[in-house]
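The values are calculated or read from the model by the stated rules, or taken from the named source; none is laboratory data. The model shown is predicted, which means the values in this text are computed figures rather than measured ones. So basically every Cβ, Gly included, is an ideal-geometry build from the backbone, and we count neighbours across all protein chains shown. Surface accessibility is based on the protein's heavy atoms, side chains included, excluding ligands, DNA and RNA. Shrake-Rupley method; radii C 1.70, N 1.55, O 1.52, S 1.80 Å.
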Amino acid sequence: MSIDAVLSRISEIRSRIETLQGGTTVPTAAGSAAASSSAFADALATATGTGTGSATAAPAAPASTAAASAAPATSVDAGHGTIATGSGATGDDVVAAAKQYLGVPYVFGGETRAGMDCSGLVQTVFKDLGVSMPRVVPDQADMGVAVPSLAQAQPGDLIIPKGEGHIVIYLGDGKVLHAPRPGKDVRIVDNWYSDGDIATIRRIVPSGQEAAAAAAAKSVPTVGAAGTPSTTDLQTAALKSLLAGSAA
């Protein structure tokens, strides 16, 4: 295919793109040859990975900035009225981390595998996931966001009964994990609290469902305002068509 034919094809494709987006038809190949040639060179360089397009490459980000953006946050303080997302942990991770302490004996004030109490267990579990939590139940009961009822609770949420004298980790399916009292160990039991018994249910990190929904939303292709493919998608498709025609 000659260069004139290539330029003519580019002009035709650009006109089609403009028409799809409700714009006006671009000038003919003769009137846009220089711009089309430059655009084609840049697009071809991008598509083939040769890096020989006519456009000047954007300056690279400083190494320190790139490293900072690439490194995920490893810890975050839980806060009132907010979901802690900095560690990347989800409610499912809370459940998995808590189960590692099954069988640890109850020790008032304890925070280790040698022994722990209910709030020590909660603090330690979140610490394992890179999330900083307060130490005692009244403070833990003020973290995260409130879940309206047991029907809306998700695995990893915290249930605090009225009086704030205890705290348990909800596992889903009517089960909770907690450090009960002296003489007992960390265990999984049926949840015995009703909504009327509960002071608050707190969600400290995103639930597994919320994290999955967020990940799915990020994977949806970009579309134009009218629901049509974006300009970038149309231009990519056009370039592929042009390259296929040139090779024929």
Original post:
Yes or no: Ala96 among the small types (Gly, Ala, Ser), open to solvent by 50 Å² or more (accessible area, probe 1.4 Å), modelled with pLDDT of 90 or more and not in a loop (DSSP other than H, G, I, E, B)?
Top reply: yes
Original post:
Can you find even one residue in the range 138-161 that is assigned to a strand (DSSP E or B) and among the hydroxyl-bearing types (Ser, Thr, Tyr)?
Top reply: no
Subject >> Odd one out for Pro134, checked against (1) farther than 19 Å from Val95 by Cβ; (2) outside any loop (DSSP other than H, G, I, E, B) >> reply: (2)
Original post:
Restricting attention to the range 154-184, which residues are of a type in the set (A, V, I, L, M, F, W, C) and either open to solvent by less than 10 Å² (accessible area, probe 1.4 Å) or under 17 Å from Gln140 (Cα atoms) (or both)?
Top reply: Leu158, Ile159, Ile160, Ile167, Val168, Ile169, Val176, Leu177, Ala179
Original post:
Being within 31 Å of the chain's Cα centre (by Cα), at pLDDT 95 or above and in a helix (DSSP H, G or I), is that true of even one residue in the range 186-197?
Top reply: yes
Subject >> Per-region count, the range 99-122, residues outside any loop (DSSP other than H, G, I, E, B) and surrounded by fewer than 20 Cβ atoms within 10 Å (Cβ to Cβ) >> reply: 5
**OP:** Can you tell me which residue among Val205, Val145 is open to solvent by 10 Å² or more (accessible area, probe 1.4 Å) and β-branched (Val, Ile, Thr)?
**Re:** Val145
